[in-house]
Amino acid sequence: MKKTVAYLGPAGTFTHEATRAFFPADDVKLAGYPSIPDVLDAVDAGQCDYGVVPVENAIEGSVVLTLDWLIHQVDVLIVGELVYPIAQCLLVHPLQAERNAGEWTRVVSHPQAVAQCRLYLRKHLPGAEVSFAESTAEAARQVKSRPDKAWVAIGTRTAGELYGLHVLEEDVQDHPNNFTRFIAVGKKPLPDGHREPDLHKTSLLVTLPSDYPGALHQVLSAFAWRQLNLCRIESRPTKKGLGSYHFFIDVEKDWDPVLMAGAVAEIEALGCHVRRLGSFPCYRVSQGAKSIVR
Ligand SMILES: O=C(O)C(=O)C[C@]1(C(=O)O)C=C[C@@H](O)C=C1
């Protein structure tokens, strides 16, 4: 039977594009969900085998809703990673396409997409109010539903095509080399892909027993002296009090598993709580290429 993969929908989101690139179409059935929590909950509840959500963008940084939902609300494994190129487009209703720049009254999009275009919007659409949607494709749908309004959605070219919108401008993000890191989550690891991964990683969630001078340094030393390369560290509040954090630590897995187990044991011996979020293959789609990657 085909596996089901949940993604942040509706059709035409960046997550949808990334999911299609990650999972070969004939192997799986894709199911769009209206929000990131809905995707993660669907996997946690066993309604879907896997789910794909954004976790970090090159311009705006962490997608904190994904991180917090992973920590506090669900018990799922990270089973894969995909870095995917992001080209933000301005999408307008075809009946409104002839307007001048100063006439647009509203910009609708996902907060991450708006944040990636902050400088552009200040310069080119300063009078437009900003309205947030659960995804860029949902924003496109809202713009399509109001042919009488001078509204602009920020999203994918694919959403423009799917919802019959006019692409006013492409690549409006404030900086080049815009990529988003997506993760695939599940209750079980993915079957092997067709392609050799670009990298393997392990993600850990480390919580210090208390705050004392050098506490984080000691944790990081456990990796450093074993020559284990950390490729990301991100803190999120535990939500138990100001100044109390969980640390997401990504370790490059170009190593002997014994070394990794040793590092985790050392950190646990320091009194830290260590949650293993997953060991997984990582893939990257370069700009311009949108092909299947696994
Ligand atoms: O709204 C979408 O299209 C999404 O897939 C979400 C999302 C995100 O949350 O980062 C994904 C990629 C882009 O960075 C902008 C938005």
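Sum up the charges of everything whose Cβ sits under 12 Å from the Cβ of Gly12, counting Lys and Arg as +1 and Asp and Glu as -1, but leave Gly12 out. Show your work: numbers first, answer last.
Working: positive: Arg20, Arg141, Lys144, Arg157; negative: Glu17, Glu138, Glu161.
Residues near Gly12 contribute +1 overall.
For segment 200-282, compute the orientation-averaged projected area of the C-alpha convex hull (one quarter of its surface), in nm².
Over every viewing direction, the Cα hull of segment 200-282 projects on average to 5.2 nm².
Charges at C-beta only: +1 for Lys and Arg, -1 for Asp and Glu. How large is the resulting dipole of the chain about its Cα centre, in Debye rounded to 20?
280
If eta is 1.567 mPa s and T is 4 °C, what Stokes-Einstein diffusion coefficient results for segment 1-74, Kirkwood Rh from Cα pairs, in µm²/s? Could you put the intermediate results ahead of the total?
Numbers: Rh = 12.5 Å.
Calculated translational D: 104 µm²/s.
Compute the semi-axes of the equivalent ellipsoid of the chain, taking the square root of 5 times each eigenvalue of the Cα gyration tensor, and list them largest first in whole Å.
Square roots of five times the eigenvalues give 37, 22, 17 Å.
Using only Cα atoms, figure out Rg for segment 81-240 and give it as a multiple of 2.2 N^0.38 Å.
Relative to the 2.2 N^0.38 Å estimate, segment 81-240 comes out at 1.40.
Tell me, what are the semi-axes, in whole angstrom and largest first, of the equivalent ellipsoid of segment 132-217 as set by the roots of 5 times the Cα gyration tensor eigenvalues?
39, 21, 15
Amide H of Lys29: which non-local residues (sequence gap of 5 or more, or other chain) have their own amide H closer than 5 Å, using H built in the peptide plane?
The answer is Lys3, Thr4, Val5.
What are the aspartates and glutamates whose alpha-carbon lies under 20 Å from the alpha-carbon of Lys253, with same-chain residues fewer than 8 places away excluded?
In chain and number order, the partners are Glu56, Glu81, Asp192, Glu196, Asp198, Glu234, Glu266, Glu268.
HN-Hα J couplings of segment 158-167 from phi, Karplus 6.51/-1.76/1.60, θ = phi - 60°, integer Hz, Gly and Pro as x?
With coefficients 6.51, -1.76 and 1.60, one gets 4, 5, x, 5, 5, 9, x, 9, 8, 8 Hz.
For segment 193-246, compute the orientation-averaged projected area of the C-alpha convex hull (one quarter of its surface), in nm².
Reported value for the Cα convex hull: 5.4 nm².
Per DSSP H run of n ≥ 4, the term is -39500 (n - 2.57); total these for the chain, divide by its residue number, and report the mean residue ellipticity at 222 nm rounded to 500 deg cm²/dmol.
Values: 9 runs with 79 residues, N = 294.
Roughly -7500 deg cm²/dmol at 222 nm, from the helical runs in the chain.
Provide the per-residue ³J(HN,Hα) series for segment 34-45, in order, calculated from phi with Karplus coefficients 6.51, -1.76, 1.60 and θ = phi - 60°, each as a whole number of Hz, with x at glycine and proline positions.
Working through the residues one at a time gives x, 8, 4, x, 4, 5, 5, 5, 4, 6, 4, 7 Hz.
Once the convex hull of the alpha carbons of segment 66-156 is built, what does its volume come to per residue, in cubic angstrom?
It comes to 119 Å³ per residue, whole-number rounded.
Which of the lysines could a cross-linker span from Lys2 if the Cα-Cα distance has to be under 28 Å and same-chain partners fewer than 8 positions apart are dropped?
Straight-distance partners of Lys2: Lys29, Lys187, Lys188, Lys201, Lys290.
Return the inverse of the average 1/r over all pairs of distinct C-alpha atoms in segment 1-138, which is the Kirkwood hydrodynamic radius, in Å to one decimal.
Value: 16.3 Å, from the Cα pair sum.
Any read-out appearing in this document is the output of simple, stated calculations on the displayed coordinates, not a laboratory observation. Note that the coordinates shown come from a computational prediction; the quantities given were computed from them, not determined experimentally. Every residue, glycine among them, receives a Cβ derived from its backbone with ideal geometry; neighbour counts consider all protein chains shown.
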